[in-house]
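Worksheet for the structure shown next.
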Amino acid sequence: MEFYTQNNMSRPIRLSESTRQFAYDSLNHKYGLDTKKTDSIVFDDLENYYQMSKIDIYDAIITRIASDAPIRICENERLSGAATLGMAIRHFVPATRNGEPMVFGVSHLTLDFDTVVKYGLDHIRAKVNEYYEKYRGSEKERFMQSCVTCLDAFDVWHKRYLDALAGMPGYEANYKNLLNVPHKPASNFYEAVQSIWFMFAFQRVCGTWPGIGRIDQILGGYLKKDLADGTLTLDEAREILAHLFIKGCEWVAGGDYGSGDAQHYQNIVLAGIDEDGNEVTNEVTYLVLDILEELGISDFPTSVRLNKNTDEKLLRRVAEVMRFGGGILAVYNEEVVIDAFVKEGYDLREARKFANDGCWEVQIPGKTYFSYTPFDSLKILQTETLHGYEEGCDYPDYESLFEQYIVDLAKEVDSIYNMNCGWIFEDGYADGNWKCKKLGASTVPSLFEGGCIEKGISYNECGPVYMRISPHIGGLADVTNSLYAIKKLVYEEKKLTLPEFLKILKNNWEGEEVLRRYVQNKYSYYGNDNDEVDSIAVEILKRFAEICKSYGEKSPFEFIPGISTFGRQLEWSPHRLAVPHGRFAHEILAANCSPTPGSDKDGASAIVKSYCKPDHTEISCGSALDIKLLPSNVEGENGLNTLVALMRGFVTLGGFFMQPDVADAAILREAQKHPEDYQTLSVRVSGWNARFVTLNKDWQQMIIEQNEK
């Protein structure tokens, strides 16, 4: 069995043959194809449907999913539970009426698995019963009834697995574990892992895509105890934990999924400090890295929290796993992230708990509602500030042009703010009457989001403790480079006037190849550690953060700035005009907070330096930097040292989030031609990984171009 890697290195073998076979079968579609056999529970026969409320319909759906979803016990599995309804893969609660989905899924959240493991589901039921009594007779009673219904549904689903496992030879440990967890507190490492997985699988089969969060912090104490009393060895623990990662491949089914097959927001976070400031890194941290290194499973994108005191051993181990490629590992600079939360007003102990939303935007796990709205800042410059390059557009100096761009940027942000207010709140929001709309029931995830039970309202109705909504600026490198090119060419070198330059751009550089090449190659753009151009990015982000924060206390939610494209540069490209820094109309340009492809000429270190110049504590939702590396860049001892130095520099200079990927464009092109030979080849897309062959042709081409320029 070969687990694919982008270089010629052989992956280590530590796991048993049966576990490796389970992983190989899972990655090669065995269970994903099985999941697709039953797409959804059909509700064509639901009586009184048109008289039912949304929450009544939701409760009926969850009850039927629990009783009717296929039960699956995989060969040699050491953890039980499975999300066996195919529609859940497509971000819906897997229920249909007349062939149409009935309820959209919930994602971009990390749930409170820690409480389930430590205290058990019975503890949550007791809290539900307490607040049910408190809200009896009020409008909140209906939500509390739904909580009870969903817990009852879970009990049905749980019993079905117990009944299926009872007496099955070879599954005695699975059965024994489920007799205790997740209803009761886990008593050992094995039970703790089973508790996480079983709750995670139930969330997924009910249409929720949750992140798991800080798995080493949740599990570390259990493993330490088991190792100390001799009831478990590290090798045995690795086998158990590997099955969680393998079971997470149950939706791998091959085929074309547009932006890829693993975009389910189920990220994991490792290492970093706890709320008391103590380092979390433990044996579980290293077991996760062992598993990722050996199996190359990319379905749980994993981020490591680094700081200035991170041990060299951990950095080196992260580098060893990174260089196999697949983009499976990314890193946070936790000091910057924590500072960003504290600036927002979070208590320091609370800020230290951060994980992500199942992608890379940061949040406090188990307490946070999150959504974001991306926008194309280059389009604002082209169509608003520069009037679509129409005649008559002119500015007397660069400063006037830049200030008008900020005005136009502020208008876009204000539009996003009002759009989100109108989406979430009743019409009276403009008068400060902040009453949440009934956006659809979401009781199952609400059970594991702090604030929902206590307030008697669901996740989708402003239930969680924190409400984080973020406008995400996209195209940062391209608007920075465009402004810089105009500044140099028009206002400093005075080679032509702005109207003359805009006419050339409107004609998509036709007949002006010499000038286009001059603009493209003469100037050193963002990503090359050029202070002159980087200062433009710094100022844009400073002003963007100020605009977002200006909503302040008048807003009922945290309105926080972020930077991303998440691949949207692909869908934005048809609407973009020719670009002042020498690119033609409709080209696919910069991703996230990364340089325009082909404009970075001075290597990864220069990219990191440019990226780190803004104050990322002000970009408090997050800012992702993609770093593309060739396999030859990370070979041998020098390659490891290069990766370690890159991570150290990223932390020292004040970065926020960095996602390196080791990939060879030549291999990716071969995978395009012969997908059957590259079924498990993983690439980093943007906050998630995907098997390359499951990306559609446009996405594949974008990934190739990002890795070859």
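The values are calculated or read from the model by the stated rules, or taken from the named source; none is laboratory data. What you see is a predicted model, and the numbers here were worked out from it, not measured in a lab. For neighbour counting, all protein chains shown are included, and Cβ atoms are generated from backbone atoms with ideal geometry for every residue, glycine included. Heads up: the accessible areas ignore ligands, DNA and RNA and are worked out on the full protein's heavy atoms, side chains in. Shrake-Rupley method; radii C 1.70, N 1.55, O 1.52, S 1.80 Å.
Taking the criterion of being among the hydroxyl-bearing types (Ser, Thr, Tyr) and outside any helix (DSSP H, G or I), the residues of region 550-577 that qualify are SER550, TYR551, SER555, SER564, THR565. When SER371, SER415 are checked against the criterion of being among the hydroxyl-bearing types (Ser, Thr, Tyr), closer than 28 Å to ILE457 by Cβ and free of Cβ contacts under 8 Å to residues at least 40 places away in the same chain, SER415 stands alone in meeting it.
Of the residues making up region 668-678, those that are in a helix (DSSP H, G or I), surrounded by fewer than 19 Cβ atoms within 10 Å (Cβ to Cβ) and either over 27 Å from the mean Cα position of the chain (by Cα) or not polar (S, T, N, Q) (or both) are ARG669, GLU670, LYS673, PRO675, GLU676, ASP677.
Using the structure shown, decide if ASP56 is within 27 Å of the chain's Cα centre (by Cα), part of a helix (DSSP H, G or I) and charged (D, E, K, R).
In short, no.
Residue count for region 1-37 satisfying the condition of being under 12 Å from ILE246 (Cβ atoms) and open to solvent by 60 Å² or more (accessible area, probe 1.4 Å): 3. Using the structure shown, decide if ARG97 is among the charged types (D, E, K, R) and within 20 Å of TRP157 (Cα to Cα). Here the answer is no, as ARG97 does not meet what is asked.
All of (1) free of Cβ contacts under 8 Å to residues at least 40 places away in the same chain; (2) touching a Phe, Trp or Tyr at 6+ places or on another chain (Cβ under 8 Å); (3) within 20 Å of ARG352 (Cβ to Cβ) hold for ARG317 with one exception: (3). Restricting ASP216, ASP226 to those that are free of Cβ contacts under 8 Å to residues at least 60 places away in the same chain, within 28 Å of ARG305 (Cβ to Cβ) and open to solvent by less than 10 Å² (accessible area, probe 1.4 Å) reduces the list to ASP226.
Look at region 431-458: where a residue is more than 20 Å from GLU133 (Cα to Cα) and a partner is open to solvent by 50 Å² or more (accessible area, probe 1.4 Å) and assigned to a helix (DSSP H, G or I), sitting 6+ places away or on another chain with Cβ atoms under 7 Å, you get LYS438/LYS54; GLY440/LYS54; ALA441/LYS54. Within region 461-479, one or more residues are out of contact with any helix residue (DSSP H, G or I) (no Cβ under 7 Å at 6 or more places or on another chain), open to solvent by 10 Å² or more (accessible area, probe 1.4 Å) and assigned to a helix (DSSP H, G or I). Residues of region 246-282 that are among the aliphatic types (A, V, I, L, M) and either closer than 21 Å to LEU79 by Cα or open to solvent by less than 10 Å² (accessible area, probe 1.4 Å) (or both): ILE246, VAL252, ALA253, ALA262, ILE268, VAL269, LEU270, ALA271. Restricting attention to region 161-174, does a residue exist that is open to solvent by 50 Å² or more (accessible area, probe 1.4 Å), more than 30 Å from the chain's Cα centre (by Cα) and under 19 Å from ASP226 (Cβ atoms)? Yes, some residue in region 161-174 is open to solvent by 50 Å² or more (accessible area, probe 1.4 Å), more than 30 Å from the chain's Cα centre (by Cα) and under 19 Å from ASP226 (Cβ atoms).
Every residue, every condition in (1) touching a strand residue (DSSP E or B) at 6+ places or on another chain (Cβ under 6 Å); (2) at pLDDT 90 or above; (3) more than 26 Å from ALA545 (Cβ to Cβ), yes or no:
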residue: PRO631; (1), (2), (3): yes, yes, yes
residue: GLU635; (1), (2), (3): no, yes, yes
residue: LEU643; (1), (2), (3): no, yes, yes
residue: THR652; (1), (2), (3): no, yes, no
residue: LYS673; (1), (2), (3): no, yes, yes
residue: GLU676; (1), (2), (3): no, no, yes
residue: ARG684; (1), (2), (3): yes, no, yes
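Among (1) touching a residue at least 24 places away in the same chain (Cβ under 8 Å); (2) out of contact with any His (no Cβ under 8 Å at 6 or more places or on another chain), there is one condition LEU178 misses while meeting the rest; what is its number? Only one criterion is unmet by LEU178, namely (2). One residue is enough: does region 433-447 have a residue meeting the conditions at negative phi, charged (D, E, K, R) and crowded, with 19+ Cβ neighbours inside 10 Å? The answer is no, given that none of the residues of region 433-447 is at negative phi, charged (D, E, K, R) and crowded, with 19+ Cβ neighbours inside 10 Å. Just a yes or no: is a residue in region 76-84 under 12 Å from SER40 (Cα atoms) and either modelled with pLDDT under 95 or not small (Gly, Ala, Ser) (or both)? For region 76-84, residues under 12 Å from SER40 (Cα atoms) and either modelled with pLDDT under 95 or not small (Gly, Ala, Ser) (or both): present.
Quick check on region 605-618. Is at least one of its residues within 30 Å of ARG516 (Cα to Cα), among the small types (Gly, Ala, Ser), surrounded by fewer than 22 Cβ atoms within 10 Å (Cβ to Cβ) and touching a residue at least 12 places away in the same chain (Cβ under 8 Å)?
Looking through region 605-618, at least one residue is within 30 Å of ARG516 (Cα to Cα), among the small types (Gly, Ala, Ser), surrounded by fewer than 22 Cβ atoms within 10 Å (Cβ to Cβ) and touching a residue at least 12 places away in the same chain (Cβ under 8 Å).
Restricting the search to region 39-64, which residues are farther than 11 Å from MET102 by Cβ and polar (S, T, N, Q)? Across region 39-64, the qualifying residues are ASN48, GLN51, SER53, THR63. Find all pairs meeting these conditions: Cβ atoms under 8 angstrom apart; at least six residues apart or on different chains; first residue within region 290-307 and free of Cβ contacts under 8 Å to residues at least 60 places away in the same chain; second residue of a type in the set (Asp, Glu). Between residues of region 290-307 that are free of Cβ contacts under 8 Å to residues at least 60 places away in the same chain and residues that are of a type in the set (Asp, Glu), the close pairs are ARG305/GLU334.
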